[in-house]
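Data first, discussion second: the structure below is written as structure tokens.
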Amino acid sequence: MSKHDPASSADQSAATPAPSGLSGRCQRARRQTDAEFSAFYRETLLGLVGFLINQGASVHVAADIAQEVMTDAYRNWEGIIHPEAWVYKAASRMLVRKVASVEDPVDDVPEPSALVPRPDAIAEWEARHDVLPMLRSLPMKQGQVMAWTLAGFTPTDIAEHLGLSAENVRANLRKARRAAAAYFKAREEDQ
């Protein structure tokens with residue numbers, strides 16, 4: 001009998017049943033996971049970029065970090081229990097590491113991308129919004145806590161995600177709010 005004898009193939013296939021439906025179930029589960037992640041991505045991405053900008057990142061750095069974090073989230077999607085908190089925490093940590101490592105001593109010239117199609121429009125937008133300069137004037141921890149607050153997290157949530165005590169978060173938030181009030185009051189007096 002040859003190695004490729006049809007009779008031996010038939011006997012072999014009868015002995016080991018084909019995993020009928022298994023790949024279909026896996027494909028359906030994968031499509032559902034992809035749909036869930038896709039909806040999460042669309043709902044969360046721009047807010048995540050804004051959150052990073054509020055912590056002092058340039059638009060392009062924020063977009064890059066957000067995209068990288070979303071890629072990591074997709075890879076780990078099945079194990080993530082609270083996706084929004086997970087991506088905000090991961091993005092915040094990545095930004096802190098990037099700032100601490102002083103990777104880019106000189107800013108690159110911004111290029112258009114899917115998230116930032118007109119880089120020059122960002123500078124115009126920033127010039128019209130008073131919150132960004134105020135946030136950037138705060139000490140790092142106060143700015144970080146304020147950015148988390150602006151993203152809709154409570155002091156208890158922020159404490160948990162940043163590994164701080166809730167009282168520490170509240171104290172930094174009070175200081176940030178006082179500094180913000182003083183900043184805006186000084187701006188009004190100058191006008």
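Can you list the helices (runs of 4 or more DSSP H) found entirely within the range 1-105 that contain at least 1 residues being under 16 Å from the mean Cα position of the chain (by Cα) and at pLDDT 85 or above? Don't jump to the end; show me each part of the working.
Values: elements: 6-15, 22-54, 59-75, 83-101.
Helices (runs of 4 or more DSSP H) meeting the threshold: 22-54, 59-75, 83-101.
Any residue in the range 179-191 that's surrounded by 12 or more Cβ atoms within 10 Å (Cβ to Cβ): show its pairings with residues that are outside any helix (DSSP H, G or I) at Cβ separation under 9 Å, as long as the two are six or more apart or on different chains.
Ala179/Leu138; Ala179/Pro139; Ala180/Leu138; Tyr183/Asp130; Tyr183/Leu138; Phe184/Asp130; Arg187/Asp130
Thr154 - would you say it is out of contact with any helix residue (DSSP H, G or I) (no Cβ under 7 Å at 6 or more places or on another chain) and of a type outside the set (Asp, Glu)?
Details: out of contact with any helix residue (DSSP H, G or I) (no Cβ under 7 Å at 6 or more places or on another chain): yes; of a type outside the set (Asp, Glu): yes.
Yes; evaluated as a whole, the condition is true for this residue.
What do you reckon, is Ala176 part of a helix (DSSP H, G or I), within 24 Å of the chain's Cα centre (by Cα), at negative phi and not assigned by TED's automatic domain parsing to the domain that holds Pro83?
Details: part of a helix (DSSP H, G or I): yes; within 24 Å of the chain's Cα centre (by Cα): yes; at negative phi: yes; not assigned by TED's automatic domain parsing to the domain that holds Pro83: yes.
So Ala176 fits the description; yes.
Name the single residue, out of those in the range 147-174 being among the aliphatic types (A, V, I, L, M) and over 19 Å from Leu135 (Cβ atoms), that is surrounded by the most Cβ atoms within 10 Å (Cβ to Cβ). Before the answer, list the steps.
So in the range 147-174, the residues among the aliphatic types (A, V, I, L, M) come out as 147, 150-151, 158-159, 162, 164, 166, 169, 171, 173.
If we keep only those that are over 19 Å from Leu135 (Cβ atoms) too, we end up with 159, 166.
Values: Ala159: 19, Ala166: 14.
Looking at residues that are among the aliphatic types (A, V, I, L, M) and over 19 Å from Leu135 (Cβ atoms), I get Ala159.
So, in the range 106-121, of the ones that are out of contact with any helix residue (DSSP H, G or I) (no Cβ under 9 Å at 6 or more places or on another chain) and either outside any loop (DSSP other than H, G, I, E, B) or modelled with pLDDT under 60 (or both), which residue ends up surrounded by the fewest Cβ atoms within 10 Å (Cβ to Cβ)?
Val106
The values are calculated or read from the model by the stated rules, or taken from the named source; none is laboratory data. Predicted model only: the values in this text are computed from it and were never measured. Here Cβ is always computed from backbone atoms with ideal geometry, including for glycine, and neighbour counts include all displayed protein chains.
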